[in-house]
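Presented below is the structure to which this report refers.
The values are calculated or read from the model by the stated rules, or taken from the named source; none is laboratory data. These numbers come from a predicted model, not from an experiment. So basically every Cβ, Gly included, is an ideal-geometry build from the backbone, and we count neighbours across all protein chains shown.
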Amino acid sequence: MADYNYLFKYIIVGDAGVGKSCLLLQFTDRRFRAEHDMTIGVEFGHRVVEIDDQRIKLQIWDTAGQEAFRSITRAYYRGATGALLVFDIGRRATFDHLAQWLLDARQNAQPNMVIILVANKSDLERREVSTEEGAWFARQNGLFFLETSAKTGQNVESAFLDTARQIYENLQAGMY
Ligand code: GDP
Ligand code: MG
């Protein structure tokens with residue numbers, strides 16, 4: 001017997017260096033690595049969470065370097081019900097590229113995939129993108145929104161759990 005009732009596939013997208021692998025590691029292992037050798041690090045992660053007494057396994061896919069070549073394929077998106085679209089509040093260009101990432105996702109993902117815009121590195125003192133700008137982009141595009149820090153752990157749980165609850169509700173409503 002499986003040790004969970006549901007399996008949700010998540011993907012994490014966004015420019016290289018925004019903290020995707022660190023967010024995954026923080027969520028699955030509750031730790032942070034400052035070193036820069038994450039490419040050979042995690043490509044997948046998983047964790048079982050509970051919603052309404054149901055055990056839900058979140059299976060999380062990390063692009064692990066492919067983002068540099070923009071070779072994210074349909075296979076990567078296939079079956080995904082949740083997505084973290086990540087940018088770095090300390091690097092404006094990663095925010096400017098969001099529209100392109102979103103277009104990619106809309107073209108390749110299944111309908112009703114729940115997307116959260118994740119403004120990562122909220123611990124940084126020097127910022128290039130304000131909270132308001134992030135919130136505005138999310139509102140314009142119908143995305144959830146949170147500012148996170150994969151370093152301190154701030155809001156990392158919520159980024160996954162809030163979306164998991166929405167996916168769970170969509171599932172109950174027969175949307176997948
Ligand atoms: P990826 O290419 O999107 O997977 O990015 P990584 O997870 O490899 O992170 C890129 C760099 O940003 C690494 O040096 C991390 O230590 C750093 N980093 C990731 N998340 C945070 C964060 O929340 N705060 C700070 N200050 N640094 C972070
Ligand atoms: Mg990575």
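When restricted to residues that are out of contact with any Ser or Thr (no Cβ under 7 Å at 6 or more places or on another chain) and crowded, with 16+ Cβ neighbours inside 10 Å, the stretch 136-152 contains 6. Every residue in the stretch 1-33 that is under 13 Å from the mean Cα position of the chain (by Cα), assigned to a loop (DSSP other than H, G, I, E, B) and either over 18 Å from T163 (Cα atoms) or modelled with pLDDT of 95 or more (or both), please. Scanning the stretch 1-33 gives D15, V18, G19. Scanning the stretch 149-176 for residues that are touching a Gly at 6+ places or on another chain (Cβ under 6 Å) and within 16 Å of A83 (Cβ to Cβ) yields a count of 2. For the stretch 95-130, taking the residues that are among the basic types (K, R) and farther than 21 Å from Q166 by Cα, the one that is surrounded by the most Cβ atoms within 10 Å (Cβ to Cβ) is identified as K121. Taking the numbered list (1) modelled with pLDDT of 95 or more; (2) among the charged types (D, E, K, R); (3) in a loop (DSSP other than H, G, I, E, B) in turn, R70 passes all entries but (1). Residue count for the stretch 89-145 under the criterion of being among the hydroxyl-bearing types (S, T, Y) and assigned to a helix (DSSP H, G or I): the result is 2. For the stretch 130-148, check the following and say yes or no: at least one residue is away from ligand 1 (no atom under 16 Å from the Cβ), basic (K, R) and either modelled with pLDDT of 95 or more or closer than 21 Å to Y76 by Cα (or both). Yes.
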